[in-house]
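The values are calculated or read from the model by the stated rules, or taken from the named source; none is laboratory data. These numbers were taken from a predicted model, which means no experiment stands behind them. Cβ placement follows ideal geometry from the backbone for every residue including glycine, while neighbour counts extend to all protein chains displayed.
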Amino acid sequence: MDDKKLIFSGIQPTGTFTLGNYIGAVRNWGPLQDEYNCIYSVVNMHAITVRQDPAALRKNTLDSYALLMACGIDINKSILFIQSHVKTHAELNWILGCCTQFGELSRMTQFKEKSQRHPDDINAGLFTYPVLMAADILAYNADLVPVGIDQKQHLELARNIAQRFNQRYGDFFTLPEPYIAEVGAKVMSLQDPTKKMSKSDENPNAVISILDDKDTIIRKFKRAVTDSEAEVAYREGKDGINNLMTIYSSVTGKDFAAIESEFAGKGYGDFKLAVGEAVADHLEPVRTEFARLSGDKAYLKECYTAGAEKALRYSQRIVLKAYHKVGFVDLK
Ligand code: ATP
Ligand code: LTN
């Protein structure tokens, strides 16, 4: 083992990744591979906390795996696996559930929002979702967790759960820290820039999928909701323009001052077109690589099989020690 810090993150296979998932999370995962030891997962067990069609879930899981590779995760540098293939997550989930309070889970914003959205299926899995997320992270004793800002509350809970375990059974789990991008931690809907861009939005014009073609991307940006002014400037209250500037900045690397001078004297129409083109050009290589990889099912299978073996080997050591600490009888 080297002394590099360990990163863990996961994404749900609930559909094609949005530009929000990409900018807020996934695009940062590739560059971290050189500085850290990285473990990434397609968290399909989390996905069934809302109703899924089994055939679609299977397809989305494999597509998400290929998409992560297309977004720059290199299986020779990182461990990349499918959550349900690695039994330690469910095992640790049980122990951690016994270190989590009902009240803590009741306060989770995502639980409140999702139960409002699915009032006919407020299942126990939806409620204990953050415990499984804590198990994902703690099963590897990860130091850092790169996520969008909406996951910060879940991470704080994971730290509290780890702390409670450590108090009861002696210091064992590393307390994970969130790793949140400065620009783009919350990409907003193109149709209602006060709401986050979400996979589950019913209005397709609100969301850019990272596999949308160039014409579709440009059309959606042209229709993006802005304000009645005409100046491209980052200012309080200009939510639509601020969101477009954030997106443009994160795909071009230009800062807000540079963007303001680039569009000084030009209208929103020119700016929206430029954002659309920059995003489409940025995503083009991802689309091409995804098409290549998703056609090669045998290679994908090889990758996720090897990923699962490595993840199991790594996490089993830690989870067996946790079993011992709580007083379970050792089998060997
Ligand atoms: P859903 O809308 O189905 O709940 P989601 O789009 O939030 O899903 P997740 O799989 O829950 O997707 O999230 C994957 C990662 O993307 C997380 O790290 C999350 O913080 C990040 N993320 C999601 N939406 C955004 C957004 N609009 N801006 C920035 N980051 C985001
Ligand atoms: N809850 C996260 C997905 C997720 C995750 C994780 C992220 C599940 N397990 C572990 C980081 C680390 C989400 O909805 N984005």
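Can you give me the number of residues within region 48-77 that are closer than 18 Å to ALA308 by Cα and among the aliphatic types (A, V, I, L, M)?
Of the residues in that region, 7 qualify.
When you look at ILE73, is it outside any helix (DSSP H, G or I) and within 15 Å of ligand 2 (Cβ to nearest atom), yes or no? Can you show your working first?
Numbers: outside any helix (DSSP H, G or I): yes; within 15 Å of ligand 2 (Cβ to nearest atom): yes.
Taking the combined requirement at face value, the residue satisfies it.
Of the residues LEU105, LEU132, LEU96, LEU92, which is modelled with pLDDT of 95 or more, part of a helix (DSSP H, G or I) and within 15 Å of ligand 1 (Cβ to nearest atom)? Walk me through how you get there before you give the answer.
Working: LEU105 fails: within 15 Å of ligand 1 (Cβ to nearest atom); LEU96 fails: within 15 Å of ligand 1 (Cβ to nearest atom); LEU92 fails: within 15 Å of ligand 1 (Cβ to nearest atom).
When all the criteria are applied, what remains is LEU132.
Keeping to region 161-206, report how many residues are assigned to a helix (DSSP H, G or I) and either free of Cβ contacts under 8 Å to residues at least 60 places away in the same chain or under 24 Å from THR252 (Cα atoms) (or both). Explain how you work it out, then say what you get.
Of region 161-206, the ones assigned to a helix (DSSP H, G or I) are 161-169, 204-206.
Retained after the next criterion (residues that are either free of Cβ contacts under 8 Å to residues at least 60 places away in the same chain or under 24 Å from THR252 (Cα atoms) (or both)): 162-163, 166-167, 204-206.
Counting residues in region 161-206 that are assigned to a helix (DSSP H, G or I) and either free of Cβ contacts under 8 Å to residues at least 60 places away in the same chain or under 24 Å from THR252 (Cα atoms) (or both) gives 7.
If SER84 passes every condition in (1) at pLDDT 95 or above; (2) within 14 Å of ligand 2 (Cβ to nearest atom); (3) farther than 30 Å from ARG168 by Cα but one, which one does it miss?
It fails just one condition, (3).
Collect the residues in region 155-183 that are within 16 Å of ligand 2 (Cβ to nearest atom) and either touching a strand residue (DSSP E or B) at 6+ places or on another chain (Cβ under 9 Å) or modelled with pLDDT under 95 (or both), keeping them in residue-number order.
Scanning region 155-183 gives LEU155, GLU156, ALA158, ARG159, THR174, PRO176, GLU177, PRO178, TYR179, ILE180, ALA181.
Does any residue of region 128-135 turn out to be aromatic (Phe, Trp, Tyr), in contact (Cβ under 8 Å) with a residue 40 or more places away in the chain and closer than 21 Å to LEU320 by Cα?
So the first thing to find is which residues in region 128-135 are aromatic (Phe, Trp, Tyr), and the list is 129.
Right, trim to in contact (Cβ under 8 Å) with a residue 40 or more places away in the chain and you get 129.
Now restrict to residues that are closer than 21 Å to LEU320 by Cα: none.
No.
Determine the pairs where a residue that is without any contact (Cβ under 8 Å) to a residue 60 or more places away in the chain and over 14 Å from PHE17 (Cβ atoms), located within region 40-52, has a partner that is among the hydroxyl-bearing types (Ser, Thr, Tyr) and more than 10 Å from ligand 1 (Cβ to nearest atom) with Cβ atoms under 9 Å apart, the partner being 6 or more residues away or on another chain.
ASN44/THR61; ASN44/SER84
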